[in-house]
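Since every read-out is calculated from the coordinates, none of them should be taken as a lab result. Since we're looking at a predicted model, the values are computed, not measured. Cβ: placed from backbone, ideal geometry, glycine included. Neighbour counts: every protein chain shown.
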Amino acid sequence: MNRMPAALASASSRTRRRVFTLTFAAALVGVLALAGGASADLWTPESGGSANADSIDTLYKLILGVAVVVFVGVEGALLYSLVKFRLRKDAVPAQIRGNTRLEIGWTLGASFVLVILAIVTFAMLPGIRTPPNSDRDGFVTDVVENVKNASAYQPRPPNGRSLNIKVNGQRYVWRYTYPYPKADTPEHQKVASYVELVVPTKTTITLDIEAQDVAHSWWIPALGGKMDAVPGHTNFTWFKIDKPGTWRGQCAELCGRNHADMVATVRAISPDEFETWLADKKTEIDESNQAALARRTEDAKEAGDAPGSDAPSESSEGPTPSSGSSDTSEAP
């Protein structure tokens with residue numbers, strides 16, 4: 001005898017589907033929560049590298065704590081109401097039209113929480129935005145020249161002195177220009193490096209962040225919040241590292257097909273080591289420029305000796321290589 005298939009799945013089949021759905025959802029949530037690149041310190045921002053990063057992390061934890069209390073209270077009351085007042089057979093629920101005291105109470109409570117959070121935020125904001133002075137045994141720095149900018153805040157220590165480094169984002173590498181040999185030295189004659197930013201410890205570092213081609217975003221999580229690099233516009237940030245170490249980050253703005261390769265590294269060394277590093281880098285750049293100039297001169301002579309060549313003379317050569325450029329091993 002022919003039989004019609006069951007209209008509804010069996011109880012065991014429904015149970016297996018439910019278990020699979022719950023397991024898949026839990027696994028998906030776990031993968032998202034434990035994603036290393038996106039989770040930072042899992043629940044809070046990374047910190048431990050700079051004072052402003054520590055302040056950001058502390059403020060985040062305070063707000064997160066209040067948010068958790070509010071979330072648990074609201075969701076707890078919701079779940080209690082769902083269970084306590086769930087639909088029952090032949091039961092008539094109480095008809096409640098409103099509770100003025102309760103409504104006024106939770107409105108005032110929410111307002112009080114917002115006011116407290118605003119007070120705490122604005123009390124901590126100056127310490128996040130304004131850098132401290134360098135330590136006495138830090139690297140010797142100059143007074144930072146004021147940059148007039150109508151839409152960005154330039155961090156300045158109380159004494160106005162910091163190691164001011166220019167960060168230039170270009171596809172797909174970061175270039176760092178130091179105020180060395182002197183702050184008023186032309187840009188193309190200053191020491192510069194790529195990828196790795198070397199800084200002295202116990203010294204306030206201020207960054208002028210720009211972009212050469214498209215929008216980028218400077219982000220070293222353990223040293224503070226990210227800052228956009230926009231063509232034709234200067235943004236600012238700062239950090240101060242107390243102990244030697246290395247911190248990594250990368251461009252946080254989709255800037256092209258090789259965006260993932262645009263990494264950044266900050267290496268902090270002692271002030272004495274940093275002074276030696278600057279001098280060595282300057283010597284290395286000068287030697288590379290001299291070698292390049294000698295090679296160009298030799299190539300021009302060889303081209304001029306060739307029969308029938310119309311090679312330009314030395315006086316018609318293009319500009320000599322910039323002494324502010326990095327060595328070829330660092331260039332993109």
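Between Ala279 and Val113, the simple label model (points 7 Å from Cα in the Cβ direction) yields a spacing of 6.0 nm. The trypsin sites (Lys or Arg not before Pro) of region 113-207 that DSSP puts in a loop, and whose beta carbon has at most 12 other beta carbons within 10 Å, are Arg136, Lys148, Lys182. The string of couplings for region 199-216 from the Karplus curve (6.51, -1.76, 1.60, θ = phi - 60°) is 9, x, 6, 6, 10, 6, 10, 10, 10, 9, 9, 9, 10, 8, 10, 10, 6, 10 Hz, one whole number per residue in order, with x for Gly and Pro. Our Cα-only numbers for region 142-278 put the radius of gyration and Dmax at 14.2, 43 Å.
Placing a label point 7 Å from the Cα of Trp106 along the Cα-to-Cβ direction, the residues of region 47-74 whose backbone N falls under 20 Å of that point are 66-74. Charge tally for Thr201 (other residues, Cβ to Cβ under 14 Å; Lys, Arg +1; Asp, Glu -1): -1.
A DSSP coil position with no more than 12 other Cβ atoms inside 10 Å describes the following chymotrypsin sites (Phe, Trp or Tyr not before Pro) in region 113-215: Tyr153.
Would you mind checking Lys182/Lys226; Lys61/Lys243; Lys166/Lys226 for any pair whose Cα atoms are more than 18 angstrom apart? Lys182/Lys226; Lys61/Lys243, as the Cα separations exceed 18 Å there.
Over the Cα atoms of region 43-102, the radius of gyration divided by the Kirkwood radius equals 1.33; this is the Rg/Rh ratio.
Could you please report the charge total around His216, scoring K, R as +1 and D, E as -1 over all other residues with beta-carbon less than 9 angstrom from its beta-carbon? Local net charge: -2. Placing a pseudo-label 7 Å from each Cα along the Cα-to-Cβ vector at Leu22 and Lys89 gives an inter-label distance of 2.6 nm. Hey, with R₀ at 41 Å, roughly what FRET efficiency would Ala183 and Arg257 work out to, going by the Cβ-Cβ distance, to 0.05? The calculated FRET efficiency here is 0.65.
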